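Heads up: the structure comes next, in structure tokens.
All of the numbers you see were taken from the coordinates with simple rules; none came from a lab. These figures come from a predicted structure and were not determined experimentally. We place every Cβ from the backbone using ideal geometry, glycine too, and count neighbours over all the protein chains shown.
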Amino acid sequence: MSDRLVNLDLDLLRAFVTVVETTSFTKAASLLGRTQPAVSLQIRRLEDTLRSPLLDRGGKGMALTTEGAALLPHARRLLRLNDEIVATLGDGDLEGEVRFGAPEDIATMHLPGILGAFARSHPRIRLAVTCDYTANLLDQMSRGMLDLALIKREPVGPELGVRVWSEPLVWVALDASIVETTPLPLIVAPAPDIYRKRALGALQAAGIDFRASFTSPSLAGQMAALRAGLGVGVLPAAMAPRDLAVLGPPLPRLSDSEIALMSMRSAGGPAGLLAQEVLRALERGPGAVTADRPDR
């Protein structure tokens with residue numbers, strides 16, 4: 001048995017966890033404020049330190065090896081402990097402000113617990129949260145008004161943020177018999193909402209006549225209209241309440257929406273820390289790690 005004493009480098013562990021959680025070296029590099037080759041080198045150094053391969057680089061993508069899968073929960077625990085220690089050291093805690101944006105439905109359903117826990121762990125970091133449409137959030141990101149944003153995007157947009165999860169969409173109404181109404185009354189948000197785009201596109205492709213019976217930028221307003229029986233709406237499957245009917249044919253199938261995390265290229269410090277917490281809390285099934293380029 002070797003007598004060597006090995007000290008793990010937390011920066012290397014953070015790089016490893018970020019690569020796994022973002023499923024991409026390039027996306028991890030953007031979050032970590034490094035170049036893709038630098039992150040790739042960090043993974044190599046960690047593998048050399050542990051004398052074990054952590055990523056299987058065969059084929060078109062990369063997956064965790066047995067050793068990598070075993071390391072992942074321990075690495076996450078070490079990083080969490082490190083962040084908790086830093087957060088409790090008073091003057092050693094990070095300071096600053098993070099300007100964070102998200103669509104209303106995502107903010108309502110997914111963010112309160114995450115942001116609350118982050119605020120309690122990092123009391124000297126101020127959070128400014130904006131709820132708006134994805135198009136408006138992207139505009140604010142481009143003008144430097146936000147540090148981070150969760151957005152809804154088309155699955156074909158690999159350069160638009162770090163994929164967090166795919167979101168199945170469903171048709172909902174107070175009563176399933178409403179599908180017999182012609183033209184179909186539709187409850188939607190104003191343009192450029194992506195659910196509106198999906199609904200109108202699917203109905204037009206299926207040749208189903210429709211009319212906008214209720215338009216509201218507020219999720220609460222749309223839910224009230226749905227419960228009043230004013231029409232058919234589109235919701236994420238996870239948000240469909242039990243008092244509304246999920247509708248199938250003759251309404252067409254809706255393609256999934258994809259949720260991604262956008263960050264300023266230079267996002268580090270408080271913003272980078274929040275980005276990693278959001279990914280860690282919301283990422284659903286990292287799957288295989290994609291190779292953005294051959295790792296030599």
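Overview of values
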quantity: Cleavage-rule hits (trypsin sites (Lys or Arg not before Pro)) in region 17-76: DSSP loop, at most 13 neighbouring Cβ within 10 angstrom; calculated: 51, 60
quantity: Ratio of the Cα radius of gyration of the chain to 2.2 N^0.38 Å, where N counts its residues; calculated: 1.16
quantity: Efficiency of FRET from Cβ geometry, residue 63 and residue 211, R₀ 51 Å, rounded to 0.05; calculated: 0.55
quantity: DSSP H segments from the chain that extend 30 Å or more along their own axis, Cα-based, with Kyte-Doolittle mean of -0.5 or above; calculated: 66-87
quantity: Values of log10 I(q)/I(0), in the order q = 0.14 Å⁻¹, for region 169-255 under a Debye, Cα-only, solvent-free model; calculated: -0.39
quantity: Where GluC sites (Glu not before Pro) in DSSP loops with at most 15 other Cβ within 10 Å are excluded, longest remaining stretch of the chain; calculated: 160-296
quantity: The chain: most fluctuating residue of 166, 213, 40 per GNM, C-alpha cutoff 10 Å; calculated: 213
quantity: Beta bridges per DSSP with both ends in region 112-253, % antiparallel, nearest 5; calculated: 55
quantity: Convex hull volume of region 107-257 per residue (C-alpha atoms, cubic angstrom); calculated: 124
quantity: Per-residue HN-Hα couplings for region 211-216 [Karplus 6.51, -1.76, 1.60; θ = phi - 60°; Hz; x = Gly/Pro]; calculated: 9, 7, 8, 7, 10, 8
quantity: Long-range amide H partners of residue 262 with built H, under 5 Å; calculated: 149, 150, 151, 162
